[in-house]
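Engineer: Sharing a structure with you now.
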Amino acid sequence: MPLILQGFRGVKIFYPRYRDTTALWVYGLFKARSCHLGRVADELPLEGQKDSIIQRLKRFLMNPGVIPQKLYRKLIAVWLKHWPDGAELTLILDRTEVADRFNILMLAVGFRGRAIPLAWDILSHKGACCFKEQKKLLDRIVPLLPTNVLIALMADSEFRSVELFEYTCARNWDYALGHKGDTLIFRDDLKTWQRLDELPVRSGKPIFLEGVLLTQQHGFGPTNLIAFWDDDDDCARYRFTNRPPNGFTLRWTRQRSWIEGLFRDYKSGGFQLDKTRLEHPDRLNHLLLVMAIATLWFVAVGRRLVKTGQRYEIDNAPKRSRTYFQIGWSWLKKQTKLYRPLPFSIYVYS
């Protein structure tokens, strides 16, 4: 049995009845670098036939006694409780599709260039989500958020409903929310309504507007607008925010893209979720739970290595390019090669 179990047994939040299988799943993901059942089973130090090991893993995915959202909410609450007083906590909303079968709405917290999952829902439909679905996810996390920090919400143009803007304002959150080019804004300097895509946005020449009204139907505002050219996708982007429209705020809004790194870690850059053969949403929900736990583990280890000056063991290049996720995973892999115990921790130094 892998030594990671010792760390799991020290975390009282895990269900004692399912703790060992949860640990095996996390360990298998780490070793296999894949969520494929067969590959995970190949990496587990268990006696018996491979088919029997796969059945054990499947039973966990099918177990109604394990409620992923409830368990993970307890885990993440421990971390959020220790968020530094007065610091900023940035929530990021996004959606991703998996294997042409699943549509996942994800809420994460921005953390030093990456995002750490907070909550997720598997939507019952394809395509964009509605405010009702977004609100359901946010409401699940709001009770866990510390009250003595500055909270901000970021999302792209899919999450452009005025209801979401009003949701953030009602909670005194900062926001940076995207919109599409056909949206109308009212500019006090022009005394008229104008489409966003009529703004002369050019590469390296962002436009900053203050005190505009958003949509002719709702007239939300006054709010501020930052329009800039996305060189990677060769198109204009539009971000509405309650912060001052300037270059500093523009750089701040780019934290929204950190969640894309999380999706890469889940898919081609890590757990290969895009190649899953699962067909049932409930089973995917359980798999997302163990992936989130593994992500917390890797980031916690990577952050501790940096905090204690041990980053050079894994990443000593002049230009630092590895994320905490990658540093933690690589260091743990090194420990297995050296036959050393694997420390397990889900506490991330903020």
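Engineer: Considering only residues that are touching a residue at least 60 places away in the same chain (Cβ under 8 Å), in a strand (DSSP E or B) and farther than 20 Å from His286 by Cα, which ones fall in region 103-114?
Structural biologist: Our first condition is that a residue be touching a residue at least 60 places away in the same chain (Cβ under 8 Å); within region 103-114, this holds for 104, 106, 108, 110-114.
Next, from what is left, pick out any that are in a strand (DSSP E or B): 104, 106, 108, 110-111, 114.
Listed by number, the residues that qualify are Gly110, Phe111, Arg114.
Engineer: Another question, then. Could you tell me whether region 42-60 includes any residue that is open to solvent by less than 60 Å² (accessible area, probe 1.4 Å), under 20 Å from Asp274 (Cα atoms) and part of a helix (DSSP H, G or I)?
Structural biologist: yes
Engineer: Hey, another quick one. Scan Asp274, Asp231 and give me the residue that is of a type in the set (Asp, Glu), closer than 25 Å to Ser34 by Cβ and open to solvent by 10 Å² or more (accessible area, probe 1.4 Å).
Structural biologist: Values: Asp231 fails: closer than 25 Å to Ser34 by Cβ.
After applying the criteria, what remains is Asp274.
Engineer: Looking only at region 115-169, which residues are free of Cβ contacts under 8 Å to residues at least 12 places away in the same chain and either open to solvent by less than 60 Å² (accessible area, probe 1.4 Å) or under 22 Å from Asp265 (Cβ atoms) (or both)?
Structural biologist: Hit for region 115-169 is Asp139, nothing else.
Engineer: Follow-up. Which numbered condition trips up Arg283, out of (1) in contact with a Lys or Arg (Cβ under 9 Å, 6 or more places away or on another chain); (2) within 30 Å of Leu225 (Cβ to Cβ)?
Structural biologist: (2)
Engineer: Let me ask something else. Can you name every one of the strands (runs of 3 or more DSSP E) wholly within region 172-287 that holds 3 or more residues which are touching a residue at least 40 places away in the same chain (Cβ under 8 Å), of a type outside the set (A, V, I, L, M) and out of contact with any His (no Cβ under 9 Å at 6 or more places or on another chain)? Lay out the reasoning, then the answer.
Structural biologist: On the way: elements: 174-179, 184-187, 192-195, 207-214, 220-230, 235-241.
Here the list reads 174-179.
Engineer: Please go through (1) open to solvent by 40 Å² or more (accessible area, probe 1.4 Å); (2) within 30 Å of Tyr167 (Cβ to Cβ); (3) in a helix (DSSP H, G or I) for Pro84 and return the number of the only condition it doesn't satisfy.
Structural biologist: Evaluating Pro84 over (1) open to solvent by 40 Å² or more (accessible area, probe 1.4 Å); (2) within 30 Å of Tyr167 (Cβ to Cβ); (3) in a helix (DSSP H, G or I) leaves (3) as the failure.
The values are calculated or read from the model by the stated rules, or taken from the named source; none is laboratory data. Keep in mind that what you see is a predicted model, and the values were worked out from it rather than measured. Cβ: placed from backbone, ideal geometry, glycine included. Neighbour counts: every protein chain shown. Accessible surface areas use protein heavy atoms only, side chains included; no ligands, DNA or RNA. Shrake-Rupley method; radii C 1.70, N 1.55, O 1.52, S 1.80 Å.
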